[in-house]
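Below is one structure, written out as structure tokens, with a few remarks after it.
The values are calculated or read from the model by the stated rules, or taken from the named source; none is laboratory data. Every value quoted in this text rests on a predicted model; they were computed, and no experiment measured them. Reconstructed Cβ throughout: ideal geometry from the backbone, glycine too, with neighbour counts over all protein chains shown.
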Ligand SMILES: C[S@@+](CC[C@H](N)C(=O)[O-])C[C@H]1O[C@@H](n2cnc3c(N)ncnc32)[C@H](O)[C@@H]1O
């Protein structure tokens with residue numbers, strides 16, 4: 001992707017993309033905590049971890065996570081906030097990432113690998129497949145990759161923004177919502193989204209990808225605030 005791509009946007013992003021996104025990540029974490037009964041012994045890898053909102057949300061429960069992101073600034077922030085955890089800078093090249101993860105993770109396996117709100121910034125389903133292949137190496141036999149917040153043909157931005165607004169009102173955070181809308185309309189995000197469409201991945205494409213890689217694929221509802229987006233659990237065996 002050229003200099004105007006999503007990868008360049010994210011590598012340069014500094015502002016930690018604001019309160020509403022933090023709230024949305026927290027909502028996701030509360031859901032997976034509830035569904036999977038996360039505990040301190042669980043090994044969790046957050047691929048595309050951003051500034052560490054998942055780590056921040058799980059820290060009070062003494063659940064420490066491992067993270068990786070293409071943005072060095074975010075990784076520094078994660079390291080500062082969670083000095084006992086491993087956070088690694090990766091690239092957008094899966095072959096290079098394979099080497100980085102081999103070095104950094106040295107044979108570690110995870111119960112949960114999170115891929116939250118990243119799919120839409122990839123170039124293609126084939127890039128997603130390369131990442132899933134890479135990540136599946138680090139999944140425990142009974143583990144799972146949670147691919148969340150996936151845009152598809154049913155995604156409706158207006159409906160999703162409305163859900164965010166309702167959530168912000170309920171939480172008394174209307175200021176955060178205004179900041180988020182301002183960001184969507186007036187930041188580089190807006191400029192880039194006009195040039196490079198966010199990737200949409202259909203349910204069938206996700207299921208085909210899973211089948212090609214001998215993974216089972218379950219679609220789950222309600223993990224994220226944005227209800228017109230999709231969530232999938234990929235695992236070696238049918239989901240627990
Ligand atoms: C919307 S943020 C989500 C951050 C975090 N997962 C969360 O939900 O709080 C998208 C993140 O994906 C990262 N990202 C973008 N392209 C990536 C890629 N090809 N591989 C890994 N991470 C990527 C960005 O740097 C950014 O931190």
- Query: Got at least one residue in the range 195-212 being at pLDDT below 95, under 20 Å from residue 124 (Cα atoms) and surrounded by 17 or more Cβ atoms within 10 Å (Cβ to Cβ)?
  - Reply: yes
- Provide a single number: the residues in the range 71-92 that are within 9 Å of the ligand (Cβ to nearest atom) and surrounded by fewer than 19 Cβ atoms within 10 Å (Cβ to Cβ). 1
- Message: For the range 192-209, check the following and say yes or no: at least one residue is more than 30 Å from residue 138 (Cα to Cα), free of Cβ contacts under 8 Å to residues at least 40 places away in the same chain and assigned to a helix (DSSP H, G or I).
- Response: yes
- Item | Single residue of the range 146-179 satisfying the filter (within 15 Å of the ligand (Cβ to nearest atom) and outside any helix (DSSP H, G or I)) that is surrounded by the fewest Cβ atoms within 10 Å (Cβ to Cβ) | 155
- Message: Which count do you get for residues in the range 22-35 that are within 11 Å of the ligand (Cβ to nearest atom) and under 14 Å from residue 148 (Cα atoms)?
- Response: 6
- Query: Mind checking which residues of the range 36-62 are in contact with a strand residue (DSSP E or B) (Cβ under 8 Å, 6 or more places away or on another chain), more than 9 Å from the ligand (Cβ to nearest atom) and assigned to a helix (DSSP H, G or I)?
  - Reply: 36, 55, 58
- Message: Given the condition within 10 Å of the ligand (Cβ to nearest atom), within 25 Å of residue 220 (Cβ to Cβ), under 17 Å from the mean Cα position of the chain (by Cα) and surrounded by 16 or more Cβ atoms within 10 Å (Cβ to Cβ), answer yes or no: does some residue in the range 101-111 qualify?
- Response: no
- Answer with yes or no whether residue 219 is part of a strand (DSSP E or B), exposed (fewer than 15 other Cβ atoms within 10 Å of the Cβ) and either touching a helix residue (DSSP H, G or I) at 6+ places or on another chain (Cβ under 8 Å) or without any contact (Cβ under 8 Å) to a residue 40 or more places away in the chain (or both). yes
